[in-house]
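> Questions regarding the structure given below will be posed in turn.
The values are calculated or read from the model by the stated rules, or taken from the named source; none is laboratory data. Everything numeric in this text was worked out from a predicted model, so none of it was measured. Note: ideal-geometry Cβ built from the backbone for every residue, glycine included; neighbour counts use all protein chains shown.
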Amino acid sequence: MRHLSATAQNALAAEYVLGTLRGRARQRFEALMREDRALANVVRGWEDWLTPLCAFVQPVEPPERVWRAIEARITPRAAQAPTGFFSSLGFWRGLGTAMAVALVALIVMFPRSPAAPDRASMVAVLATPEADPRMVIERHAGKLMVKMVKPWAEMPNQDLELWAIPKDGKPRSLGIVAYNKDSEVQLPNLDEKLAGTVAFAISREPTGGSKNPEGPSGPVICSGPIARTA
C-alpha cells in the first residue's frame with residue numbers, strides 16, 4: 001500500500017470531501033481509505049470540519065437571464081438572452097468550483113477560536129478560471145481589504161478593477177486595486193455598492209479603469225463567491 005505523508009493525507013482528504021478530487025484519483029483514494037483506517041479517520045475529521053462551514057456560504061443561483069440563455073440554446077425560437085461574461089452560464093457555473101476554494105480559505109483564516117473584534121463579516125477568494133487563487137477580499141467595518149495571494153506581473157498602461165457582482169443587474173465598480181500588493185477599498189457608499197452582491201470579480205482594464213458604463217471593458221481574470229462569516 002502506498003504510504004502518504006500527513007500533509008498529503010490532509011490535502012487529499014480535503015479535496016475528497018469538497019468534491020474536487022475526481023476521476024481515477026478519487027477511485028484510488030477511496031481504495032486507500034478501505035485499506036487504511038487512519039486515513040479514513042482523517043477524511044471523517046474533514047467531513048466534521050467542513051460540513052458546518054457550508055452554512056457560511058450563501059447559495060449562488062444563476063439569475064433568470066442565464067436560464068433564458070439555456071432555453072435559447074434548447075429552443076432556437078426562444079428569446080435571446082443578454083450577452084456578456086456576467087450573463088453567461090460559465091461564470092455562474094464557475095462559482096460552484098470557487099465555493100470549494102472559499103471553504104478552504106475559511107479554514108485557514110477562521111480556525112475554531114473566539115471571534116476577533118475586527119473579524120471580517122464576509123470573505124471572497126478570487127480565483128482564475130483554472131481555479132488558481134489570486135486574491136482574498138475581506139469586508140471589515142467601512143472598508144474592503146484586498147489581500148494578494150499571487151501577484152501579477154507588471155502591467156504597463158493597465159489597471160485592475162474590482163467589481164461587485166449582484167445576483168441581478170449590472171456589475172458595480174469598486175475602483176482600482178493594486179496588482180502586486182495588498183490594498184484597501186474605502187467608499188462613502190460602500191453599503192449601497194455591496195447590496196445584493198453574491199460575488200466579486202477583477203477585470204484587466206486600461207489605465208484609470210473601464211469606460212464602459214455597463215461593466216468591464218477588459219477581460220475578467222479572476223472571480224469568486226462571497227462567504228458571509230457573521
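> Mind checking which strands (runs of 3 or more DSSP E) fall wholly inside segment 124-169 and carry at least 3 residues that are touching a Leu at 6+ places or on another chain (Cβ under 9 Å) and either without any contact (Cβ under 8 Å) to a residue 24 or more places away in the chain or over 16 Å from PRO219 (Cα atoms) (or both)?
In segment 124-169, the matching strands (runs of 3 or more DSSP E) lie at 133-140, 143-148.
Rundown of residues vs (1) loosely packed, with under 15 Cβ neighbours inside 10 Å; (2) on the phi > 0 side of the Ramachandran plot, yes/no style:
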| site | (1), (2) |
| --- | --- |
| LEU162 | no, no |
| GLY175 | no, yes |
| ASN180 | yes, no |
| SER183 | no, no |
| ASP191 | yes, no |
| VAL198 | no, no |
| ALA201 | no, no |
| SER210 | no, no |
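> Restricting to segment 208-217, what's the tally of residues that are free of Cβ contacts under 8 Å to residues at least 24 places away in the same chain and either in a strand (DSSP E or B) or not basic (Lys, Arg) (or both)?
So the count comes out to 3.
> Counting only residues that are assigned to a helix (DSSP H, G or I) and free of Cβ contacts under 8 Å to residues at least 40 places away in the same chain, which one in segment 1-14 is farthest from ALA131 (Cα to Cα)?
Of everything passing the filter in segment 1-14, ALA6 is farthest from ALA131 (Cα to Cα).
> Could you please give the count of residues in segment 21-36 that are modelled with pLDDT under 90, charged (D, E, K, R) and outside any helix (DSSP H, G or I)?
Counting residues in segment 21-36 that are modelled with pLDDT under 90, charged (D, E, K, R) and outside any helix (DSSP H, G or I) gives 1.
> I've got another one for you. Any chance segment 198-207 includes a residue that's in a strand (DSSP E or B), assigned by TED's automatic domain parsing to the domain that holds GLU130 and more than 23 Å from ASP132 (Cα to Cα)?
Yes, segment 198-207 contains a residue that is in a strand (DSSP E or B), assigned by TED's automatic domain parsing to the domain that holds GLU130 and more than 23 Å from ASP132 (Cα to Cα).
> In segment 37-60, what residues are at pLDDT below 65, surrounded by 11 or more Cβ atoms within 10 Å (Cβ to Cβ) and assigned to a helix (DSSP H, G or I)?
LEU53, CYS54, PHE56
> Separate question: Just checking, which of ARG22, ARG34 is loosely packed, with under 12 Cβ neighbours inside 10 Å, outside the structural domain of ALA131 (by TED's automatic domain parsing) and more than 19 Å from ALA131 (Cα to Cα)?
Criteria check complete, one pass: ARG34.
> Follow-up. Have a look at LYS150, LYS143 and point out the one that is surrounded by fewer than 20 Cβ atoms within 10 Å (Cβ to Cβ) and over 18 Å from the mean Cα position of the chain (by Cα).
Of the residues listed, the single one that is surrounded by fewer than 20 Cβ atoms within 10 Å (Cβ to Cβ) and over 18 Å from the mean Cα position of the chain (by Cα) is LYS143.
> Report every pair of residues separated by at least 6 positions or lying on different chains whose Cβ atoms are under 8 Å apart, first residue within segment 177-193 and without any contact (Cβ under 8 Å) to a residue 24 or more places away in the chain, second outside any loop (DSSP other than H, G, I, E, B) and surrounded by 12 or more Cβ atoms within 10 Å (Cβ to Cβ).
LEU187/LEU174; LEU187/GLY175; LEU187/LYS193
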